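Right, one structure below, let's go through it.
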Ligand SMILES: [Zn+2]
């Protein structure tokens, strides 16, 4: 599929020159003459920066493209917010998470800094207004999702904005080699071509060395420039425990910490969140369940109970935690093995933000290994299966063959899967693979905005009938009338958060506006259809015959090999008995200098062993690694490849491999492919 630039490059260049000449004198003045520290003090009230923040700020502040690796809770946002305040113009912040966007914008507004965001749930008119304002220097920060960058309506206006910096949050999403690749992130590199003089600050909390390189390449860094805060967490002890009675073990841990802060228990499935929370409650430990399938209001409620300490444990899927900053989390317990060390490190890192001693505990049993293999199969279904699912979805959405380019269809994917007898996760993987090959854009959980219209005429609003409408609801009503003039004629899309902003309401603002609107509805003043989450598939090209659907090596074989590599490292983390857990994590994230921590379970066990015993354990770990390699690639790996992998320890390899073959632990079929018992 050919990429069509939205305007030809020549026009582009002319436009750029024109716009640079026309660049308005900024009236949203920078903090004249203040040092970064003074800005920090003036707006945020802090006296000093946290480690590494100042170096990053100085680098990006001097106009250099910068990649900053800061662990979760390491104060990422300060690194682009402070230098922006020292410059003229607006900082374009690209982030995939709408909830985080809203939080940060609210925080900035509270500090008296002008900020706005654009997300997919907003009506075109609202978007237009924000863009216009941004062109007139009304904001210091404009938050957008990466998807926005592909829209002409946004791109064409970029030249009119005085953009002083681009901040890319979760920048690992741009790397296909990473664990969370999002195709929409690739649009950012196109923006870089348009704004060649604007420096970019890429932020991430987790990236392996190869992803670090890839981010800089994809974002077209002028030269390599990486700042890495050590990921070492001195106050965090890592423990791994194999146990068949996980609940019993969790109870023991939590009992031993009675009265000392709160806990997070991460589990694999939504169903498990409820099961485990119920069991903990029955054991006298207060717990709430949390997962992505809950209504936003319920989620907030549960989260707040946990935050304010009225509930001690939150049992959650990986949907929980983004943007949560609670200091006194004493334990993060993983009830199931996570999919990779990136996810594990980020989730475990939510313990001990207050720098007090805390524990990251991972529990596993044999079932967890089985789940890994199943997961791999779900994530990379056979290519022909991907083609079949493509065809079935097209039929399901009534898209005729050789038509459909540009269609954006809402789909109830659960219903589709149930009717056609497909596994949901597997179908999602198919859609992701199809997305990566340019056939469609899959947007799960996109927000369909709320709709609203007035039931009564404007003049009638002041009749006695409505005397008892509460004062707050009245204010909401007036704001709605001001923001959405068409609301008397027909349904219009409204955004509860925008109404809240306009009114200066913060905190659980959406909820308050929602209540007020429901109230107005009960008086019969308005009709109100609250927004909901829905899944959309946008077709980029006409429907193809399934056999003509091409699946690239990059989107399949290479990604699969990376996924296996991540799984391998995750399993090694739990199975190795001779390498410090903390060290293993840090090595994985590229800190080759990391030393043993002395507090993890491995360090403590090794302290009790003799050198001879340790040597024996090391050989066992080595065998584990060989077995694992074969196990995850069964039927796809031969002896020569394996030998190549272990060339740095060839003598050990030959000895152990021969022994494992002799004992039948590893077998070889006629074609030379290896299998593992
Ligand atoms: Zn250790």
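Quickly run through segment 301-335 and pick out the residues that are farther than 28 Å from residue 179 by Cβ and in a helix (DSSP H, G or I).
Matches in segment 301-335: 301, 304, 305.
Filter segment 596-617 down to residues that are in a helix (DSSP H, G or I) and within 15 Å of the ligand (Cβ to nearest atom) and give me whichever is surrounded by the most Cβ atoms within 10 Å (Cβ to Cβ).
So the residue we want is 602.
Is it the case that some residue within segment 562-571 is closer than 25 Å to residue 371 by Cα and within 14 Å of the ligand (Cβ to nearest atom)?
no
Could you list, in sequence order, the residues of segment 344-364 that are over 16 Å from residue 599 (Cβ atoms) and assigned to a strand (DSSP E or B)?
Residues satisfying the conditions are 363, 364.
Residue 456 - would you say it is surrounded by 18 or more Cβ atoms within 10 Å (Cβ to Cβ) and modelled with pLDDT of 85 or more?
no
Kindly indicate whether any position in segment 580-595 is on the phi > 0 side of the Ramachandran plot and either in contact with a helix residue (DSSP H, G or I) (Cβ under 6 Å, 6 or more places away or on another chain) or within 16 Å of the ligand (Cβ to nearest atom) (or both).
Step one: filter segment 580-595 for residues on the phi > 0 side of the Ramachandran plot, giving 590.
Applying the additional criterion that residues be either in contact with a helix residue (DSSP H, G or I) (Cβ under 6 Å, 6 or more places away or on another chain) or within 16 Å of the ligand (Cβ to nearest atom) (or both) yields 590.
Checking segment 580-595: at least one residue is on the phi > 0 side of the Ramachandran plot and either in contact with a helix residue (DSSP H, G or I) (Cβ under 6 Å, 6 or more places away or on another chain) or within 16 Å of the ligand (Cβ to nearest atom) (or both).
Based on this model, can you work out whether residue 351 counts as surrounded by 18 or more Cβ atoms within 10 Å (Cβ to Cβ) and either within 29 Å of residue 436 (Cβ to Cβ) or touching a strand residue (DSSP E or B) at 6+ places or on another chain (Cβ under 7 Å) (or both)?
The answer is yes for residue 351.
What number of residues within segment 618-641 are more than 25 Å from residue 603 (Cβ to Cβ) and surrounded by 18 or more Cβ atoms within 10 Å (Cβ to Cβ)?
So the answer is 6.
What residue, of 73, 33, 112, 63, is part of a loop (DSSP other than H, G, I, E, B), in the same structural domain as residue 162 (by TED's automatic domain parsing) and at pLDDT 90 or above?
63
Residue 51: surrounded by 15 or more Cβ atoms within 10 Å (Cβ to Cβ) and assigned by TED's automatic domain parsing to the domain that holds residue 206, yes or no?
When the stated conditions are applied, residue 51 does not pass them.
Out of segment 238-274, which residues are under 21 Å from residue 324 (Cβ atoms) and part of a strand (DSSP E or B)?
238, 262, 263, 264, 265, 266
Would you confirm whether or not segment 138-147 contains a residue that is at negative phi and over 26 Å from the mean Cα position of the chain (by Cα)?
Taking segment 138-147 first, the residues at negative phi are 138-147.
Then drop every residue that is not over 26 Å from the mean Cα position of the chain (by Cα), which leaves 138.
Within segment 138-147, one or more residues are at negative phi and over 26 Å from the mean Cα position of the chain (by Cα).
The values are calculated or read from the model by the stated rules, or taken from the named source; none is laboratory data. Being a predicted model, the structure only gives us computed values, none of them experimental. Note that each Cβ is placed from the backbone with ideal geometry, even for glycine, and that neighbours are counted across all protein chains shown.
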